[in-house]
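Bear in mind that the values in this text are calculations on the coordinates, not laboratory data. In this text, all values refer to a predicted model and were calculated from it rather than measured experimentally. Cβ coordinates were reconstructed from backbone atoms using ideal geometry, including for glycine residues, and neighbour counts include every protein chain displayed.
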Amino acid sequence: MSKGLLLVVSAPSAGGKGTILKELLRTEDSLRMSVSATTRQPRPGEEHGKQYYFISREEFQTQAAQGMMLEYAEYVGNCYGTPRGPVDQWREEGLDVVLEIEVQGGAQVKKLAPDCVTVFITPPSMAVLEQRLRDRGTEDEAAILNRLETALVELGHAQEYDYIVVNDRLEDAVEDMRAILRSEKRKYERNADFIRKVITHAETIR
Ligand code: 5GP
């Protein structure tokens, strides 16, 4: 069985990637979502082990030092990292894994696993992004301005990604994600073993 695909998705905060990925996961049976560890406080409704593993900075540093994180980064004052174990296990089982991470982590993963597929989801405009952040109502004014500044920096990294998806109409963005996943899975390199098997079998019956 060939190893599952590693999909890296980045987007400015409140860029809508959570909703897009939730919708994608609903229809893609072989896709799993990695649950990250973070030192930030849970938002209302967030649960430990569901959206994130909420851990202390000390625990985060210990796990990172022990090589338990596939990648990690500091983002607007908090640490975020991808636990390595589940990602490796799922991929070994042939399942595809999506990481929803910011751009520094995205760059680390691309270096570590150059065959990963990277997608940058962008809002249609900064005005729309600002409105979404305000509508969410989970950050104070200073945090909103900080996240908007960070978003601009992140947009500058979009050029490092394989694909760009504009999050204007949700259905279109999800359809784009599905198309990317499908085409990537049909690439020759990901099917070389299968072709070899077909050829070998053909030779045995000739
Ligand atoms: P939030 O605090 O809004 O949930 O997430 C802030 C940013 O951290 C988002 O851009 C999100 O994609 C990113 N993020 C979440 N988990 C990880 C992770 O494991 N690693 C990295 N590098 N970024 C993450």
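Fully extending the segment from M68 to R43 would add 6.5 nm, taking 0.36 nm per residue of separation and subtracting the current Cα-Cα distance. The modelled label-to-label distance between D193 and D140, using points 7 Å beyond Cα along the C-beta direction, is 5.3 nm. Ranking of S10, S34, S2, S56 by neighbouring Cβ atoms within 10 Å, starting from the fewest: S56, S2, S34, S10.
List the GluC sites (Glu not before Pro) within segment 61-148 that DSSP assigns to loop and that have no more than 13 neighbouring Cβ atoms inside 10 Å.
E93
Could you work out the relative contact order of the chain? I mean the mean sequence separation of Cα pairs under 8 Å and 6+ apart, divided by the number of residues, in percent.
Values: 281 pairs, mean separation 62.0, N = 206.
About 30 percent, as a whole number.
Where in segment 45-88 does the amide nitrogen come within less than 13 Å of the point 7 Å from the Cα of T150, taken along Cα to Cβ? So the set is 73-81.
With R₀ set to 35 Å, the beta-carbon distance separating D168 from I205 gives a calculated FRET efficiency near 0.10.
Net charge dipole, the chain: roughly 660 debye, given to the nearest 20, about the Cα centre with Cβ charges of +1 for Lys and Arg and -1 for Asp and Glu.
Computed from Cα positions, the angle between helix 192-204 and the longest principal axis of the chain comes to roughly 10 degrees.
Pop the C-beta distance of K22 and D88 into the FRET formula with R0 = 25 Å and round what comes out to the nearest 0.05. Before the final figure, lay out the partial values.
Numbers: r = 24 Å, r/R0 = 0.95.
Working from the Cβ atoms, E equals 0.60.
Beyond a 19 Å Cα-Cα separation, which of these cross-linked pairs lie in this structure: K3/K185; K110/K197; K17/K50; K3/K197; K22/K111?
On the way: K3/K185 11 Å; K110/K197 29 Å; K17/K50 16 Å; K3/K197 16 Å; K22/K111 27 Å.
Exceeds cut-off: K110/K197; K22/K111.
Database remark: amide H of L5 closer than 5 angstrom to the amide H of D96, V97 (H placed geometrically; neighbours at sequence offset of 5 or more, or on other chains; Pro and chain starts carry no H).
By other beta-carbon atoms within 10 Å, ranking E184, E59 with the fewest at the front produces E59, E184. For the chain, the longest principal axis of the alpha carbon atoms and the long axis of helix 17-27 meet at an angle near 30°.
In terms of surrounding Cβ atoms within a 10 Å radius of their Cβ, Y75, Y53, Y80 rank from fewest to most as Y53, Y75, Y80.
The angle separating the long axis of helix 103-112 from the principal Cα axis of greatest extent in the chain is about 20 degrees. Estimated from helical segments only, the mean residue ellipticity of the chain at 222 nm is -14000 deg cm²/dmol, where each DSSP H run of four or more residues counts as -39500 (n - 2.57).
Ranked from highest to lowest mean number of other Cβ atoms within 10 Å per residue, what is the order of the peptides 171-179, 114-122, 42-50?
The most tightly packed comes first, giving 114-122, 171-179, 42-50.
Between D115 and V76, full extension at 0.36 nm per residue minus the direct alpha carbon distance yields a gain of 11.2 nm.
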